[in-house]
Amino acid sequence: MTLRLYDTRTREKRAFAPLGEGPVGMYVCGVTPYDTGHLGHAFTYVSFDVLHRYLEYLGHAVRYVQNLTDVDDDLLRRARELGEDYLALGNRHVTAFLTEMAALNWLPPDVYPRATRHIPQMQAMVARLLEGGCAYQADGHVYFSVDAWPTYGELSGLPREAMLPIANERGNVPDMRGKRDPLDFVLWQPSGPDEPSWPSPWGPGRPGWHIECSAMSTAYLGPRFEIHGGGADLAFPHHESEIAQSEGASGERPFVAWWMHAGMLGFDGEKMSKSLGNLVLVRDLLASYPGDAIRHFLVSHHYRAEIDFHESDMEASLVAAGRLRQAARLAEELEPLAPAMADPGSLHPVVAGHRARFLAAMDDDLDTPAALPELHALAARAIETDEPRLRVEAGWMVRELGARILGLRLATVPASREPAPPDAAVRA
Ligand SMILES: [Zn+2]
């Protein structure tokens with residue numbers, strides 16, 4: 001079996017293979033740390049955590065980079081509203097985010113770059129785009145010229161006329177000073193009077209949002225790498241613009257081999273959003289449910305699905321995660337009988353069958369909703385059988401697949417790794 005992953009750009013599932021000898025490069029757009037994390041964020045990061053774990057399970061070395069957008073319009077606006085220093089505001093929310101993700105047993109990234117520490121890399125990329133004719137200066141701003149990039153739209157598949165309204169909803173200011181086209185996007189801009197500012201060849205200012213991720217991903221993973229992910233609402237214009245910038249600056253394409261997007265979360269049939277006041281906060285859920293129950297709820301949905309949150313599903317996941325833990329514990333009690341799990345050929349045929357179907361589901365674009373019933377079937381065997389060998393093997397397999405791949409703690413497995421400190425990138 002081969003892992004096949006869906007690529008948003010080519011709109012197909014393709015067999016996964018690393019591009020070269022080195023580790024698999026994986027970049028996931030991180031949080032803009034100005035607000036409390038909601039379950040939609042957790043769905044994205046848990047989904048990519050399962051991918052991270054599965055790639056490692058399959059024997060790939062992975063270099064996982066997840067950025068922090070610690071200078072950005074939204075963050076600066078919030079800092080102004082609160083009268084708080086933007087870096088202090090960011091640090092507060094980064095700490096909360098890491099604490100919540102640790103409770104969800106998330107493997108932290110290898111590199112955790114902060115935008116504010118990568119201004120020189122962003123400026124170097126802007127300079128290359130200007131030299132190459134993809135960008136222009138106007139009144140202290142530098143804009144990317146969408147007209148200079150004929151394949152703009154290849155990722156989202158959006159026709160040109162549909163792009164502007166969506167871009168405007170997601171941070172674009174169409175009538176910004178000196179723009180030749182309302183869709184042209186900011187690479188560099190003058191800072192407001194109370195905003196941070198860095199010197200640059202184009203005047204003092206700060207970077208645009210999209211260039212941050214192009215510069216940080218390229219800095220740690222090179223001009224071409226395997227996987228770039230994020231929530232589905234980032235595909236346009238954020239990731240579309242990243243492609244144009246990164247390929248425009250490096251001259252190499254494709255920038256990313258697999259673009260992967262996690263589905264959005266709804267609440268009782270409505271879009272989950274701050275304006276509707278129906279955000280399900282991770283912090284609140286963690287006060288009522290253990291991390292395993294939340295993770296079980298999340299992986300019971302396919303990562304690309306639009307999911308709808310109902311409290312009753314959380315209750316069901318609480319019971320289901322408890323049953324998996326019970327099965328894993330049974331096996332632990334019988335540990336002296338544990339088989340050499342490294343040799344699937346010697347497994348009890350019933351266990352081997354469930355394992356094979358679990359892995360086949362994972363290979364099919366991480367179909368966790370199809371994999372999960374196999375795990376529960378193994379748990380049922382472990383709990384119900386009178387046969388010691390079947391009990392111990394089934395219980396062990398629940399732990400092997402449930403903990404290593406789906407990232408459930410099952411309470412018998414020590415926490416894998418502690419979260420990296422937020423400034424780990426400085427040492428990278
Ligand atoms: Zn990004």
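Every read-out reported here was derived from the displayed coordinates using simple, explicitly stated rules and does not represent laboratory data. These figures come from a predicted structure and were not determined experimentally. Every residue, glycine among them, receives a Cβ derived from its backbone with ideal geometry; neighbour counts consider all protein chains shown.
Taking every DSSP beta bridge that has both ends in the chain, the antiparallel portion is near 45%. Other residues lying with their Cβ under 10 Å from the Cβ of Leu285 contribute a combined charge of -2, Lys and Arg counting +1, Asp and Glu -1. Of the residues Arg325, Arg114, Arg177, the one with the fewest other Cβ atoms within 10 Å heads the list, and the complete ranking is Arg177, Arg325, Arg114. Put simply, the C-alpha atoms of the chain give a gyration tensor, and the ellipsoid matching it has half-axes of 42, 23, 19 Å, longest first.
Among Lys271, Lys179, the order by Cβ neighbours within 10 angstrom, fewest to most, reads Lys271, Lys179.
Among Asp386, Asp184, Asp292, Asp313, the ranking by other beta carbons within 10 Å of each residue's beta carbon, starting with the fewest, stands as Asp386, Asp313, Asp184, Asp292.
Highest mean first, the peptides 45-53, 83-91 sorted by other C-beta atoms within 10 Å per residue fall in the order 45-53, 83-91.
In plain terms, the chain from Asp194 to Ala124 could stretch by 22.7 nm, reckoned as 0.36 nm per residue minus the Cα-Cα distance. Between the beta carbons of Glu252 and Ala316, assuming R0 = 51 Å, the FRET efficiency works out to 0.60 to the nearest 0.05.
Based on C-alpha pairs under 8 angstrom that are at least 6 apart in sequence, the chain has a relative contact order of 21 percent. The Cα atoms of the range 158-278 give a gyration tensor whose axes a ≥ b ≥ c have a/c of 1.5 or more with a/b no greater than b/c, which makes the shape oblate. Helix 311-333 and the longest principal axis of the C-alpha atoms of the chain enclose an angle of approximately 50°. For the range 306-404, the square roots a ≥ b ≥ c of the C-alpha gyration tensor eigenvalues yield an a/c of 1.5 or more together with a/b not exceeding b/c, which makes the shape oblate. Taking a sphere under 14 Å around the Cβ of Ile166 and counting the other residues whose Cβ falls inside, with K and R at +1 and D and E at -1, yields a net charge of -2. With an a/c value of 1.5 or above and a/b larger than b/c for the gyration tensor axes a ≥ b ≥ c computed over the alpha-carbon atoms, the range 219-287 is described as prolate.
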